[in-house]
Amino acid sequence: MTATLTRLPAADTLRVATSGSVDDGKSTLIGRLLYDTKAILADQLATVERDTARRGGAGMDLALLTDGLTAEREQGITIDVAYRYFATPRRRFILADTPGHEQYTRNMVTGTSHADLAILLVDARQGISPQTKRHAALVGLLRTPHVALAVNKMDLVGFDRAVYERLRAEFLALAAPLGFESVTPIPMSALDGDMVVERGERLGWYEGPTLLQLLETAATTRRSEGRWRYPVQLVSRSRYGERADSRGYLGRVESGSVSVNDEVRVWPSGVAARVAQIVTLDGTLETAGAGRSVSIILDRQVDIARGDLLTHVADAPVVTDAFEARLAWLASSPLDARRAYLIKHGTAVVKAKVLSVEDRLDIHTLQPIPGSAELAANDIGRVRIRTARVLPLDRYADVRATGSFLLIDEATNATVAAGLIEELASHG
Amino acid sequence: MTILSHLDELESEAIHILREVVAETRNPALLFSGGKDSIVMLRVAEKAFRPDRFPFPLLHIDTEHNFDEVIAFRDARAKALGERLLVRSVGDSIRTGRVVLRRPDESRNVHQSVTLLDAIQEHGFDALFGGARRDEEKARAKERVISHRNEFGQWDPRNQRPELWNLYNARVAPGEHLRVFPISNWTELDVWQYIRREALEVPSIYFAHAREVVERRGLLAPVTELTPARAGEKGVRRTVRFRTVGDITCTCPVASEASTLDQIIAETAATTVTERGATRMDDQTSEASMELRKKEGYF
């Protein structure tokens, strides 16, 4: 296979997130994946060899490819989400390499929120750790559809099938209630490359896909079926095309699709209109599907501002100013119910109060602990929220874009929590 | 149902980011150097805002060590778009004593940060769009789409805002600002494919041309008035092109016969050396060169 063939990107993109505990060999696995798909170039290899030697090692420490920051190199850990890009003849990949270290779990949530597939790493010698359970819970909470369990360091347990089977059974039991579309355990040695891109010769008893085969075949989540959701980003008063005085509502289709003549409603006002035109710089469209940035023109003058949401008439969101949500607390300072927070939902930013903490997840059992009053860094808990004005909400399970929100500290502007809406009282 | 092509998906993502930041900040600007990444940024801005004018000016921090072709292109492009171009120069910062050089011939690349931060203060910008990509460099690979900078313009990699889903937090306190990278997820190959698809003009030095160079530490250093051959070096004429068009004193061309976009794309897909590895002298001084520059306010 020539380099040209390997690196010319194919039609679609799979977003992948990796997470694992500090010593599971995650950076080595990514280095291996990039190296064996020829995504690492000669000068990067030369740098890794030089840096390995500088640290007193020999050959190439593939982990040095991904640990980009000085502190990471000094401490031998991964602090921040790093993004990697590679392609095979079948697909283009965006890989979010997220930290396993407990205090940086917020970055794992960040990387995983974009993912179609999550790779969880375990060390075959250590088995399923509390960190693995926490990561599995987070990936489940964020509803990443596909999970690969990379049972790594099989070389250090003599490629023993019994070790793999035990971990596999334990993880499948653990993952069953988390609702993944697919869970694929794969035995491997990232250090030597077995079952990452190449099958190798020492895991002959394993008949499933290699990691790369799994990545090349998993379905992506950006689908145009489902409810159409269009948060309005900006309003343009320019004259578009032949429709004098018509305003353009700039935004991106976050889910579903919309066509000219569709009957739509504006939220939270509930006013109805029809789609007159879908405009781009390259001309008008009949239909715009998920992911597409466009400008929409309606058939009549209605009052629409940034922060409003357009949907089809037929599948309205729940419009409410009081709801329960699951929060993943990301900030180092804990939730303070006396503080003012802002919610960013779609393109709307509204003041919000956290009225109470209903429960907090025990990371070992994944069971809610009721009666918890506090949420601190890396905690996941259920809260009751009240907002200063109504928001058009969906369940996260139904529509990611309108079932999720950020909680922002009004004083520091920091993003302090990620919110997911699990249940809504009623439709209306 | 149609699935967006990968270029459409990247383009729509960049449009979305531009619009979000324009909506949430008071006074943004877009950095435009005349290089290929900022040429893509201008095209994405057209897609995001036309038929309206851009809701921000263009800003170039000029080291005064740029290739003439690129500066001429920069001015022509801004004029053709009918958009306002602000230029602030590192030379002025040197003449007014804001930047002190240790040697008259040292690279001005790192000193752009001072001029940039002064320009931000002068105009009160609270957000700057830049064409940096995560595939360029290891420290860039860890950068957010929206990078928060303190009042000294510094990047604190340990204290960046988490970015989840497609929700961006572009809130910024007075005196602080954001650096925003809408084409974070693009690769060098994506940029050239997009330039071909959109039929965008680029400065002529991106294509193969004859140029006098010297071989230095495995790179081909251009021989110019600013960068003459050093003692013992012998200039040779080679057919080369630039993969990146930064400051003359630290940007090197590569040997290439590629004289069309198709040929550049084929070459980019088959290359065995990264964009910066082939071209930049300033990244080779230490493992953490880019990280250190970013912490001081560099892009």
Query raised in the report: Which shape class applies to the range A:255-352: rounded if a/c is under 1.5, otherwise prolate when a/b exceeds b/c and oblate if not, where a ≥ b ≥ c are the square roots of the Cα gyration tensor eigenvalues?
Result: prolate
Query raised in the report: For the range A:145-162, what does the Karplus curve 6.51 cos²θ - 1.76 cosθ + 1.60, with θ = phi - 60°, yield as ³J(HN,Hα) per residue in whole Hz, taken in order and with x for Gly and Pro?
Result: x, 10, 10, 10, 9, 8, 8, 8, 6, 4, 4, 8, 10, x, 6, 6, 4, 4
Query - Neighbour cut-off at most 13 other Cβ (10 Å), DSSP loop, trypsin sites (Lys or Arg not before Pro), the range A:87-177 - result: A:R125
Query raised in the report: Between A:A322 and A:E170, what is the FRET efficiency for a Förster distance of 30 Å, r being their Cβ-Cβ separation, to the nearest 0.05?
Result: 0.15
Report summary line: Projected onto the charge dipole of chain A (unit charges on the beta-carbon of Lys, Arg, Asp and Glu, signs +1, +1, -1, -1), the Cα from A:L250, A:H345, A:W205 with the largest positive-side position is that of A:L250
Query raised in the report: How large is the helix-only mean residue ellipticity at 222 nm for chain A, computed as the sum of -39500 (n - 2.57) over DSSP H runs with n ≥ 4, divided by its residue count, in deg cm²/dmol to the nearest 500?
Result: -5000 deg cm²/dmol
**Report entry** Of the trypsin sites (Lys or Arg not before Pro) in the range A:283-340, those whose Cβ has at most 15 other Cβ within 10 Å and which sit in DSSP loop
**Finding:** A:R300, A:R338, A:R339
Report task. May I ask for the distance between the Cα centers of the range B:159-178 and the range A:303-360, given as a whole number of Å? Result -> 17
Query - Helix-only mean residue ellipticity at 222 nm for chain B, each DSSP H run of n ≥ 4 adding -39500 (n - 2.57), per residue, nearest 500 - result: -10000 deg cm²/dmol
Report summary line: Other residues with Cβ under 12 Å from the Cβ of B:Q263 give, with Lys and Arg +1 and Asp and Glu -1, a net charge of -1
**Report entry** Order of B:S93, B:S204, A:S404, A:S236 under a 10 Å beta carbon neighbour criterion, fewest first
**Finding:** B:S204, A:S236, B:S93, A:S404
Query raised in the report: Given a Förster radius of 30 Å and the C-beta distance between A:W205 and A:S182 as r, what FRET efficiency does 1/(1 + (r/R0)^6) yield to the nearest 0.05?
Result: 0.90
Query raised in the report: When only DSSP loop residues count, what GluC sites (Glu not before Pro) in the range A:167-232 have their Cβ near at most 14 other Cβ atoms within 10 Å?
Result: A:E181, A:E201, A:E207, A:E225
Query raised in the report: Ranked highest first by average number of other Cβ atoms within 10 Å, how do B:255-265, B:52-62, B:185-195 line up?
Result: B:185-195, B:52-62, B:255-265
Report summary line: Honestly the range A:229-312 on the Cα gyration tensor test (a ≥ b ≥ c root eigenvalues; a/c under 1.5 rounded, otherwise a/b vs b/c for prolate or oblate) is just rounded
Query - Residue mean of other protein chain beta carbons inside 10 Å, B:190-198 - result: 1
Query raised in the report: Once you average over the residues of A:340-353, how many Cβ atoms of partner chains fall within 10 Å of each Cβ?
Result: 2
Query raised in the report: Between their Cα atoms, which of A:K38/B:K36; A:K38/B:K138; A:K133/B:K142; B:K36/B:K79; A:K26/B:K138 are more than 19 Å away from each other?
Result: A:K38/B:K36; A:K133/B:K142
Report task. Return the distance in nm (one decimal) between the two label points of a simple spin-label model at A:K353 and A:D192, each offset 7 Å from Cα along Cα→Cβ. Result -> 6.3
Query raised in the report: Once you sort the root eigenvalues of the Cα gyration tensor of the range B:97-254 as a ≥ b ≥ c, which label holds: rounded (a/c under 1.5), prolate (a/b larger than b/c) or oblate (the other case)?
Result: oblate
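Only the coordinates and a few stated rules stand behind these numbers; no lab work does. What you are looking at is a predicted structure, and each value in this text was computed from that prediction instead of being measured. No Cβ is skipped: glycine too gets one built from the backbone with ideal geometry, and neighbour counts run over all protein chains shown.
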